[in-house]
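The values are calculated or read from the model by the stated rules, or taken from the named source; none is laboratory data. This one's a predicted model, so the numbers in the text were calculated from it and none came from an experiment. Counting neighbours? That spans all protein chains shown, and the Cβs are built from the backbone with ideal geometry, glycine included.
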Amino acid sequence: MTDIGNVALWITFFVALWASVVGFLAGRTHRPELARSAERSIFVMWGLLVIAAVALMRALLTHDFNVEYVAAYTSRNLPVFYTWSAFYAGQKGSLLLWALVVSTFGSVALLVNRGKYRELTPYVAGTIAIVVVFFVATMVFASNPFERLGFTPPDGRGLNPQLQNPGMVFHPPMLYLGYTSISVPFAFAVAALLSGRLDTGWLHAIRRWTLVSWLFLSCGIVLGMWWAYVELGWGGYWAWDPVENASFLPWLTMTAFLHSVMIQEKRGMLKKWNIGLVVGSFLLSIFGTFLTRSGVISSVHSFSQSNVGWFFLVFLVLAAVLGFGLLAWRWPMLQAEVKLESLVSREGSFLFNNLILIVIAFSVFWGTLFPVISEALRGTKVTVGPPFFNLVNVPLGLMLLLLTGIGPLIAWRRASPENLRRQFLWPVTALLVTAASLAAIRMSDWWSVVAYALGAFVVGTVVQEFVRGTLARHRLHGEMYPLAFVRLVGRNRRRYGGYVVHLGMVMLFAAFAGLAFKRETEVTLKPGQSVDVKSPYGWTYHITHQGVSQYEQLNRYVTAATVDVLRNGKYIGTMRSEKRQHLDSLGRPTFEPSTAVAIHSDAREDLYVVFAGAVEGTEEAVFRITINPLVWWVWYGGFVLALGGLITLWPGAQGPTAASRRRAEPAGYVAQVA
Amino acid sequence: MRARTKFIIGGALVVGTVGYLMASGIKETGVYYLTPTELATKISTDHSFYNVGIKMGARVVKGSITRDVATQTITFRATDGTHTYPVIYHGLAPDTFTDEVDVVVEGRLQPDGTFRATTLLAKCGSRYEAVPRPNGQGTMPAT
C-alpha cells in the first residue's frame, strides 16, 4: 500500500507541474480547454493526495514498522487516538498533510467560484499547483513519508509523551489549516495582478478565505497555548519562543488585512497595501516553517534540523519575488480612488490599527531573528527574550485595544463633533468608572489598570452597538427585543460577528493583564507537611502533601504526588501531579520522563501544582506551586473569538450585493436607519 | 493640514517610539549567546565579561550531573568539545535535562571559572524526531 502511496506522490508531482504550466498559459491565452485542464488537474491532484494519505494512515494503523515514519512515531501500545495523530507528529507526515490541505482548499476555491472570475481562475489553479509542486517535491526528493527501512523492527519507537495530549491532536492541524489556507488568497492576489483585473472582484473572492485562515490560525494558536500550559509544566502559556512567534506573525498581518480590506471595499483606498498584506501573510506562513525546520534559530521546540529548511527558503524567495515583483509591475494600476479626508474617521482609525499591527509584527520578527541579525552585523550572537517582547508589545497592544474601541464608533469619511459626543459618551464613562474603581482598590500594576480600563471601553462600545441596533429594530419593525437582537446579528453578520471577536480579544487582554499578578513558589515537603501560599486576591491556600504513590497505567509507569488543598480554611479539592515514565511494549523505558501537571481552575485564578521529583527513596517531594490569575479567560476568550469568526463567516444573507461598495456610510446602525 | 500629512506625522511618532523601545529593549535585555569556546575567547580578552549576563549553549558531559533534591542544586559540566565549564544551577530542571543533551544556560561566569546559571533550558534532538533501530528501542539520533 505504501508503494501505491509513493507512486501517488510522484504522479501528483507531475500533474502539479502540468497544472502550473497549463494554468498560467490558460490565463495568458484565454483558451478555455487549457483552463479546464488546469482546473481538472487540481481535482486529480487532490484525489491522488487522498490516496497517499490513506496509504500512510493504513501503514500507521496496521503497524507496518518497516516504514521508517511508522517506526519513528508509533508503537504497538500507543492508543489508537494518538496513532491517528502520529500522521502529523513528524515532519514527513506534516508535509503530506500540508499538500493535501492546500489541494483541498484549492479544489474548494475552484468549485465555489465555478463560472465566476473566469479571468482569474486559471491563474489561481496555476498558483495553487506551484505550491503543491513545492510540497510534493520536498517529500519525494528530501523527506518521503513512505521511505522504508533496511530491516523491520519488532516495535516502533512510540510517540513522544508530550505529544500524547488532546491539545496536540488538534493544535497542529488547526495551525496547518491556517498556514495553508492562506495559499488561496495568495493565489487570487497573484491572479488579479497577472490578469490586471484589479477591481474589488478578487477581494470578494478572498475576504472569506482570509477569515477562514485567520480563524484556523487563531484556534491553532490558542490550542497551542493550552497544550503548553497543561503539558509542559512551566506554568505559563506563551514564552515568545521562535515557534510561537512564527505562528503569531501571519496572524498579525491577516488581522491587519481583515480590517484594511474594509477600507478598500468602502472607499477604494489602500489597494497596494492590501495586496502586500496578502502576499506578506503567505510568505510569513512559509517563513514560520522555514524558521523551525532549518535550525537557523535555536528554539526550545527543537524539531529536527534538516535540509527541508532549505527547500522552504528557496520557495520563500521565489514566492517573494513573484508576489512583490508582480505588485511592483502593477503599481500604477493600483492608485487610490479617493483621498483620506480626515484622520478623525473610520478610515483614520483603521490606518492606525494597521500601522500598529504591522509594527508589532516587525518588532516580533526583529526580536526573533535578532540572534541572526546581530551575528551578521557585529559578529556576536545576541538573543532577546520575553522582557524585550513585553517591553515593546505591551504599550503597542494597549494602543491597539484603544483603537478596537474607537474604530467602530467613528463615522466613515469625517466624524462630526455631534457624532463623536453621541458615540463616545457611554464607552468613555465605562472606561473612567473602571479606572477609578481599580485605583480605589489600589491595584498595584499600572499597566493592568490601563488594560482593564481600555477593556471596559471596548466592551462599552460593543454593548452600545448591540443595544442601539436592537432598539432601532424594535422601533422600526415593531419586533420583540429578543427577535430584534437575533435579526440584527443575522442581517449584519460581518459587522456584529466582528464585535463578538472584539469581545473575545478583550477577554484575552484581561487574561494577559492578569499575568502581572502571577505568584510562584518552590517547596520541599515531607508527607503530612503543608505550605501556605497567598493569592493576589488575598486568599490563603493551605496545601498539604499526602504522599507519593507508584503504579503502572496504560503505556507508562507513574509516580504521583497527592496534595490536599484548602482555600481560606475551606477544602477545595485533592490534586495529583505525576511523573510519567513511558514504556514500550516490552516494558522497557522510552523517552525521558514527563510531567503531568495538576490544575485547579476557576474564572478567577488557577492553582497550578507541579511535582518536580522525590528525594531519593523517600516520599519527601519537591513541588512548584504557581498561582495564575485569570488564565481561564484565555481559553474562553479564544472560544468567543472563534464564535465571532463563525458568525461572520456563516453563509447566507450577505451575498455580493450586500458586500458591494457603498461610498460612505454613517457610523452606527441607528444613524443609518434613523 | 491635510489628513494624509497628519497620518504621516502620527505614524512617524508611533514608529519612532517603537524604534526607541526596541533599541533600548535590546540594549537592556539583550543577552550574548556564546559557545564555551567563544566565551573562553571573550573572557581572555575582556574581563568585564565576568559581570555580564550571558547565555551559553553547550552539551551536558555524560555522567557529570549531580542532583541534590533537598537543596534543589544541580551541578554538571557543559562542553562544546573544546572547552568545558562546570555549571551550578539552583531550581527545577526540565524533564528533558539528562546526559548528553544540548542545554542553554543563562547566568554569569564566576571568576573561579564556574558558570552560575539562573535558567536552564534543555533541548533534545529526539524530542519530536527519532531514528528507529533494529532492536526496536528508541535511541537518540547520532549527532
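Of note:
- Close pairs from the range B:64-81: first among the acidic types (Asp, Glu), partner surrounded by 15 or more Cβ atoms within 10 Å (Cβ to Cβ) and part of a loop (DSSP other than H, G, I, E, B), Cβ under 8 Å, at least 6 apart: B:80/B:35
- Summed over the range B:84-112, residues that are facing another protein chain (nearest Cβ under 8 Å) and of a type in the set (Lys, Arg) total 0.
- Meets criteria (more than 33 Å from the chain's Cα centre (by Cα), not in a strand (DSSP E or B) and not assigned by TED's automatic domain parsing to the domain that holds residue A:214) for residue A:573: no
- Annotation: of all residues in the range A:346-375 being among the small types (Gly, Ala, Ser) and under 23 Å from the mean Cα position of the chain (by Cα), the one that is farthest from the other protein chains (Cβ to nearest Cβ) is A:361.
- The single condition among (1) modelled with pLDDT under 90; (2) surrounded by 19 or more Cβ atoms within 10 Å (Cβ to Cβ); (3) away from every other protein chain (no Cβ under 11 Å); (4) within 25 Å of residue A:246 (Cβ to Cβ) that residue A:323 does not satisfy is (1).
- Scanning the range A:528-561 for residues that are of a type in the set (Lys, Arg) and closer than 19 Å to residue A:594 by Cα returns a single hit, A:556.
- Only one entry in A:115, A:27, A:90, A:106 is at positive phi and of a type in the set (Gly, Ala, Ser), namely A:115.
- The single residue among A:395, A:386 that is closer than 16 Å to residue A:512 by Cβ, within 12 Å of chain B (Cβ to nearest Cβ), free of Cβ contacts under 8 Å to residues at least 40 places away in the same chain and not charged (D, E, K, R) turns out to be A:395.
- Exactly one residue out of A:537, A:499 is touching a helix residue (DSSP H, G or I) at 6+ places or on another chain (Cβ under 8 Å), of a type outside the set (A, V, I, L, M, F, W, C), in contact (Cβ under 8 Å) with a residue 40 or more places away in the chain and at negative phi, and it is A:499.
- Some residue of the range A:529-551 being within 14 Å of chain B (Cβ to nearest Cβ), among the hydroxyl-bearing types (Ser, Thr, Tyr) and part of a strand (DSSP E or B): no
- Single residue of the range A:542-556 satisfying the filter (buried (at least 17 other Cβ atoms within 10 Å of the Cβ) and within 35 Å of the chain's Cα centre (by Cα)) that is farthest from residue A:624 (Cα to Cα): A:555
- For the range B:47-64, the condition holds for at least one residue, the condition being that it is at the interface with chain A (Cβ under 8 Å from one of its Cβ atoms) and among the charged types (D, E, K, R).
- Within the range A:326-358, considering residues that are of a type in the set (Val, Ile, Thr) and over 16 Å from residue A:274 (Cβ atoms), the one modelled with the highest pLDDT: A:356
- Only one of the numbered conditions (1) outside any helix (DSSP H, G or I); (2) within 12 Å of chain B (Cβ to nearest Cβ); (3) out of contact with any Ser or Thr (no Cβ under 8 Å at 6 or more places or on another chain) is violated by residue A:443, and that is (2).
- At least 1 residues being within 27 Å of the chain's Cα centre (by Cα) and surrounded by fewer than 22 Cβ atoms within 10 Å (Cβ to Cβ) is the threshold, and among the helices (runs of 4 or more DSSP H) wholly inside the range A:8-96 those reaching it are A:32-61, A:80-85.
- When the residues of the range A:497-527 are filtered to those that are within 14 Å of chain B (Cβ to nearest Cβ) and in a strand (DSSP E or B), the one that is farthest from the chain's Cα centre (by Cα) is A:525.
- Qualifying positions in the range B:48-76 - farther than 12 Å from residue B:88 by Cβ and among the aromatic types (Phe, Trp, Tyr): B:49, B:50
- Taking the range A:182-283 and the helices (runs of 4 or more DSSP H) fully enclosed by it, the elements with 2 or more residues that are surrounded by fewer than 21 Cβ atoms within 10 Å (Cβ to Cβ) are at A:201-227, A:242-267.
- Residue within the range A:460-475 that is modelled with pLDDT under 90, surrounded by fewer than 19 Cβ atoms within 10 Å (Cβ to Cβ) and either among the hydrophobic types (A, V, I, L, M, F, W, C) or on the phi > 0 side of the Ramachandran plot (or both) present: no
- Selection from the range B:20-30 of residues that are surrounded by fewer than 18 Cβ atoms within 10 Å (Cβ to Cβ) and either facing chain A (nearest Cβ under 7 Å) or more than 21 Å from residue B:105 (Cβ to Cβ) (or both): B:20, B:23, B:24, B:27
- Enumeration of residues in the range A:398-410 that are more than 14 Å from chain B (Cβ to nearest Cβ) and farther than 17 Å from residue A:452 by Cβ: A:407, A:408, A:409
- Members of the range A:558-597 that are of a type in the set (D, E, K, R), within 14 Å of another protein chain (Cβ to nearest Cβ) and either crowded, with 20+ Cβ neighbours inside 10 Å or under 24 Å from residue A:635 (Cα atoms) (or both): A:578, A:579, A:580, A:584, A:592
- In the condition set (1) at the interface with another protein chain (Cβ under 8 Å from one of its Cβ atoms); (2) exposed (fewer than 15 other Cβ atoms within 10 Å of the Cβ); (3) among the aromatic types (Phe, Trp, Tyr), residue B:7 is compliant with all but (2).
- Residue within the range A:156-176 that is among the aromatic types (Phe, Trp, Tyr), in the same structural domain as residue A:244 (by TED's automatic domain parsing) and in contact (Cβ under 8 Å) with a residue 24 or more places away in the chain present: yes
- Within the range A:598-616, considering residues that are under 17 Å from residue A:544 (Cβ atoms), within 14 Å of chain B (Cβ to nearest Cβ) and not aromatic (Phe, Trp, Tyr), the one surrounded by the most Cβ atoms within 10 Å (Cβ to Cβ): A:609
Quick grid of which residues meet (1) assigned to a helix (DSSP H, G or I); (2) out of contact with any Phe, Trp or Tyr (no Cβ under 8 Å at 6 or more places or on another chain):
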position	(1), (2)
A:339	no, yes
A:344	no, yes
A:354	yes, no
A:364	yes, no
A:372	yes, yes
A:377	yes, yes
A:402	yes, no
A:405	yes, no
A:413	no, yes
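- Some residue of the range A:119-136 being without any contact (Cβ under 8 Å) to a residue 60 or more places away in the chain and either buried (at least 23 other Cβ atoms within 10 Å of the Cβ) or in contact with a Phe, Trp or Tyr (Cβ under 8 Å, 6 or more places away or on another chain) (or both): yes
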